[in-house]
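The values are calculated or read from the model by the stated rules, or taken from the named source; none is laboratory data. Everything quoted here is computed from the prediction, not taken from an experiment. Using ideal geometry, Cβ is built from the backbone for each residue, glycine included, and neighbour counts are taken over all protein chains shown.
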There are 4 protein chains.
Amino acid sequence: MDSGRLEAFSDGVFAVAITILALNLAVAGPGPESLADQLFNHWPAFAAYTVSFATIGIIWVNHHTLFKNFSEIDRTLLFLNLLLLFFVVSIPFATSTIAAYLKSGGHDASLAAAIFQGVFEGMSISFGVLFWWSIRHEHMKVAFTPAAARRATIRFGIGNVGYIAAIGIAFVNATASLVISGLIAIYYIFEQTPARETASPTADSSPGTSPQDG
Amino acid sequence: MDSGRLEAFSDGVFAVAITILALNLAVAGPGPESLADQLFNHWPAFAAYTVSFATIGIIWVNHHTLFKNFSEIDRTLLFLNLLLLFFVVSIPFATSTIAAYLKSGGHDASLAAAIFQGVFEGMSISFGVLFWWSIRHEHMKVAFTPAAARRATIRFGIGNVGYIAAIGIAFVNATASLVISGLIAIYYIFEQTPARETASPTADSSPGTSPQDG
Amino acid sequence: MDSGRLEAFSDGVFAVAITILALNLAVAGPGPESLADQLFNHWPAFAAYTVSFATIGIIWVNHHTLFKNFSEIDRTLLFLNLLLLFFVVSIPFATSTIAAYLKSGGHDASLAAAIFQGVFEGMSISFGVLFWWSIRHEHMKVAFTPAAARRATIRFGIGNVGYIAAIGIAFVNATASLVISGLIAIYYIFEQTPARETASPTADSSPGTSPQDG
Amino acid sequence: MDSGRLEAFSDGVFAVAITILALNLAVAGPGPESLADQLFNHWPAFAAYTVSFATIGIIWVNHHTLFKNFSEIDRTLLFLNLLLLFFVVSIPFATSTIAAYLKSGGHDASLAAAIFQGVFEGMSISFGVLFWWSIRHEHMKVAFTPAAARRATIRFGIGNVGYIAAIGIAFVNATASLVISGLIAIYYIFEQTPARETASPTADSSPGTSPQDG
């Protein structure tokens, strides 16, 4: 079973989720408030939109990077991928909720921010499980040495811990929590997803190129 | 005619349907009711969303499993697939209807739940017809022995009967009927779609797998 | 330039358009009117949804059948295809308009029905132009004899004339016009799109199978 | 890393964005105003929809033309492409905003038009950066001579300058600015995207085409 259709379906979900994010930007139309004021007062919608767009975009890049190294997929991976997509699909809801409540302050803003970070954390954990399952069950074209897997886990886990911190911070300052999820997105831009780490340290043991496997 | 584009179009429909499910989760925004209360009172929306997400996800997995065994498709299959997609496309409507009416109780809740289960039953029957047509007209790469086809039909049919039962139960208790469709989704996770059943009983005649490959 | 990406983009547009059709089915939620009454009073929405679903589904089947015979595409074809997609994208708007106004009767219902049929006619003409350009500029893998092209044009044109008639009938009886577009959809189910007509009459000149080409 | 999945994801985003443009056309339903009057009064929505549809369609054609010449893609290109998609995803918002405010006149109409043109300008600049990066880092199958690259940059840049002019004109006359973006769309229809320019001047060094193929 190759990963072509899993990728096509996932790309569809990523594409729809990232595009309908912008539906939440809509302004109310002509009324007592000028357009400039409306847009200014909607800043949480634009901020949340930008963070969510970046986060979905980056998880897509990492999904792409992970699956192009897959040698095969099984039924369990299809369902682990569905779990990831469950959180991706929830992002537009979480985004519109934080956009609506960020300026309310108090419990509502904190809860909205905690949901927002919670969905990102769920997405991040699902991706981690997908990665962990892949290297454990040898679904990858490139072999991971224990050291490389450990390093990859640590580097991936930093963002994960960041989202947990952002959930806690949501109850102190919802806006600060939104800023943190923006910083985590930037962290994942510069950080390569770990699937390509091992090429050089274990050139000999890479199963895709050794003569007896081909 | 290969199945590539049928799968691409179907994947698109599955992806859009599964993603717009979440549009229904949207809360009303700041008002007299706190966000926590709003979310708590919206539990039918979250419950129905989860069941529908799981059901579309699983039907996608089964669609994927079925079509990767197709050797060819014909015009009739394109239209049988469209019939399946007709019910898939109706799921967001059925989901938002049950979410809106589940707490109303009485006839409205029962009717909403019956529509919800009815759409799932329609999807399930369409999928069954697609499968039945495929093995009858020899569109599959793996041959089905009569025994394997019979077993597959029974195992697939159990979920189908479950949806019919859920329609009836909808008129007694709408919430119980929603729980049943969640259980059917779990049943289909663990149950392999029947298209891969024949490998062992007909090892010799299975064209795709020579003994040294297994 | 092969047609793979043209098909992928078109499939995406078809898939989104066919899926968001169902957004228009949404009922108002609990209120003075029972759910059963709401659904009953919304019959134009369900009727228009069914006709539009069938029409988009069938145009997708025909698009699929046409493009799998393409040997190459050029920039003009990309734009002719965009013209077709322009009308496809307009179908959800036309569908929600006729659904909203069919029961109003009078000028509003007639205008709504005429727009509905007009969008279908635009889609049908665009498809015809796409087909005509393809055989004229020899973009097809199978050659069309003049007789086969003439026959194909006639059979395709019947549905086209049907939509023109339906525009006229819209001003007499909007509901009758909706029924006619449903009948045209059924006509196109049974009618093969013309691209596969020539195999038998010109078996010798078919370029895809002659020895010196392979 | 080949460009297949980048194209699939981008096609999904283009397809969703171009299709949900039409959601903004929806009329209010039966009321004191006739359907004909409603449609007539909504002319900015139809005009903005047509311009945005054409613009997304054309950027898709150019994206398609650019990427089919790519020999490889890297992580930077994935993120440059995401930047392009960020602006594409913003088009439905910009379109509904100009549609809502064009007839208001004054500051609101100017601001709405400037946002509309600004999103197009952002999309245009992102595409330019994508192109510039591609030829600079030799990601293309066809080599660009300095002269060809210079000519391509000029021809592409004319549209880009057009959008900047349209932003300025938005503050003088919002409707005129909308007309200009329509004219730029027409300009890009007739203007080939520059990626195919070099075939003739460097026939010898063009790796993809041997003389007997041309």
- Query: Does segment B:89-96 include one or more residues that are assigned to a helix (DSSP H, G or I), among the hydroxyl-bearing types (Ser, Thr, Tyr) and away from chain C (no Cβ under 13 Å)?
  - Reply: no
- A:ALA185 being farther than 14 Å from A:GLU121 by Cβ, surrounded by 15 or more Cβ atoms within 10 Å (Cβ to Cβ), in contact with a helix residue (DSSP H, G or I) (Cβ under 9 Å, 6 or more places away or on another chain) and modelled with pLDDT under 95: no
- Note on the structure: Just one listed residue, out of C:HIS42, C:HIS63, is touching a Ser or Thr at 6+ places or on another chain (Cβ under 7 Å) and of a type outside the set (A, V, I, L, M, F, W, C), and it is C:HIS63
- Note on the structure: Among residues of segment C:101-145 being within 13 Å of the chain's Cα centre (by Cα) and among the small types (Gly, Ala, Ser), the residue nearest to D:GLY57 (Cα to Cα) is C:SER126
- Scanning for something assigned to a helix (DSSP H, G or I), surrounded by fewer than 20 Cβ atoms within 10 Å (Cβ to Cβ) and among the basic types (Lys, Arg), does segment C:67-78 turn up at least one residue? yes
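Would you point out which residue out of D:ALA152, D:ALA143 is surrounded by fewer than 18 Cβ atoms within 10 Å (Cβ to Cβ) and either touching a Lys or Arg at 6+ places or on another chain (Cβ under 8 Å) or among the hydrophobic types (A, V, I, L, M, F, W, C) (or both)? Give the steps one after another, and end with the answer.
Details: D:ALA152 fails: surrounded by fewer than 18 Cβ atoms within 10 Å (Cβ to Cβ).
That would be D:ALA143, the only listed residue that is surrounded by fewer than 18 Cβ atoms within 10 Å (Cβ to Cβ) and either touching a Lys or Arg at 6+ places or on another chain (Cβ under 8 Å) or among the hydrophobic types (A, V, I, L, M, F, W, C) (or both).
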- B:ILE98 vs (1) over 15 Å from the mean Cα position of the chain (by Cα); (2) of a type in the set (Val, Ile, Thr); (3) closer than 25 Å to B:TRP132 by Cα: all pass except (3)
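Could we say that B:HIS64 is under 17 Å from B:GLY12 (Cα atoms) and at the interface with another protein chain (Cβ under 7 Å from one of its Cβ atoms) here? I'd like the intermediate steps shown before the answer.
Numbers: under 17 Å from B:GLY12 (Cα atoms): yes; at the interface with another protein chain (Cβ under 7 Å from one of its Cβ atoms): yes.
In short, yes.
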- Here are some conditions: (1) within 9 Å of another protein chain (Cβ to nearest Cβ); (2) over 30 Å from B:PHE190 (Cβ atoms). A:VAL16 meets all but one. Which one does it not meet? (2)
- Message: Is it the case, given these coordinates, that C:SER90 is buried (at least 20 other Cβ atoms within 10 Å of the Cβ), out of contact with any Cys (no Cβ under 7 Å at 6 or more places or on another chain) and among the small types (Gly, Ala, Ser)?
- Response: yes
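Listed here are the residues, each with its yes/no results for (1) of a type in the set (Lys, Arg); (2) within 27 Å of D:ILE189 (Cα to Cα); (3) free of Cβ contacts under 8 Å to residues at least 60 places away in the same chain.
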position: D:ARG5; (1), (2), (3): yes, yes, yes
position: D:ALA26; (1), (2), (3): no, no, yes
position: D:GLY31; (1), (2), (3): no, no, yes
position: D:TYR49; (1), (2), (3): no, yes, yes
position: D:LYS68; (1), (2), (3): yes, yes, yes
position: D:LEU82; (1), (2), (3): no, yes, yes
position: D:PHE86; (1), (2), (3): no, yes, yes
position: D:ALA94; (1), (2), (3): no, yes, yes
- With (1) touching a Leu at 6+ places or on another chain (Cβ under 8 Å); (2) surrounded by fewer than 22 Cβ atoms within 10 Å (Cβ to Cβ); (3) away from chain C (no Cβ under 14 Å) as the list, and B:PHE53 as the residue in question, which single condition is left unmet? (2)
- Query: Which ones in segment B:2-29 are crowded, with 16+ Cβ neighbours inside 10 Å and over 15 Å from A:PRO92 (Cβ atoms)?
  - Reply: B:SER3, B:GLY4, B:ARG5, B:LEU6, B:GLU7, B:ALA8, B:PHE9, B:SER10, B:ASP11, B:GLY12, B:VAL13, B:PHE14
- Query: How many residues does segment A:29-49 contain that are under 26 Å from B:LEU21 (Cβ atoms) and within 14 Å of chain B (Cβ to nearest Cβ)?
  - Reply: 4
- Filter result for the condition that a residue is of a type in the set (Lys, Arg) and within 30 Å of C:LEU39 (Cα to Cα), over C:LYS103, C:LYS141, C:LYS68: C:LYS103
- Message: Every residue in segment C:1-38 that is outside any helix (DSSP H, G or I) and under 30 Å from C:PHE86 (Cβ atoms), please.
- Response: C:MET1, C:ASP2, C:SER3, C:ALA26
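Select, from D:ALA109, D:ALA147, D:ALA152, the only residue that is touching a residue at least 24 places away in the same chain (Cβ under 8 Å), under 19 Å from A:GLY29 (Cβ atoms) and of a type in the set (Gly, Ala, Ser). So that I can check it myself, show each step before the final result.
Working: D:ALA147 fails: under 19 Å from A:GLY29 (Cβ atoms); D:ALA152 fails: under 19 Å from A:GLY29 (Cβ atoms).
Of D:ALA109, D:ALA147, D:ALA152, the one residue that is touching a residue at least 24 places away in the same chain (Cβ under 8 Å), under 19 Å from A:GLY29 (Cβ atoms) and of a type in the set (Gly, Ala, Ser) is D:ALA109.
Given the residues D:LEU80, D:LEU84, D:LEU102, which is the only one that is within 13 Å of chain A (Cβ to nearest Cβ) and either in contact with a Pro (Cβ under 7 Å, 6 or more places away or on another chain) or among the charged types (D, E, K, R) (or both)? If you could, list the steps in order and put the result at the bottom.
Numbers: D:LEU80 fails: either in contact with a Pro (Cβ under 7 Å, 6 or more places away or on another chain) or among the charged types (D, E, K, R) (or both); D:LEU84 fails: either in contact with a Pro (Cβ under 7 Å, 6 or more places away or on another chain) or among the charged types (D, E, K, R) (or both).
Answer to the check: D:LEU102.
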- Task: Would you please name the residue that is nearest to D:LEU85 (Cα to Cα), looking only at residues in segment D:100-149 that are charged (D, E, K, R) and modelled with pLDDT of 80 or more?
- Result: D:GLU121
- If you take the residues in segment D:1-37 that are more than 17 Å from the chain's Cα centre (by Cα) and under 14 Å from D:HIS64 (Cβ atoms), which one is modelled with the lowest pLDDT? D:SER3
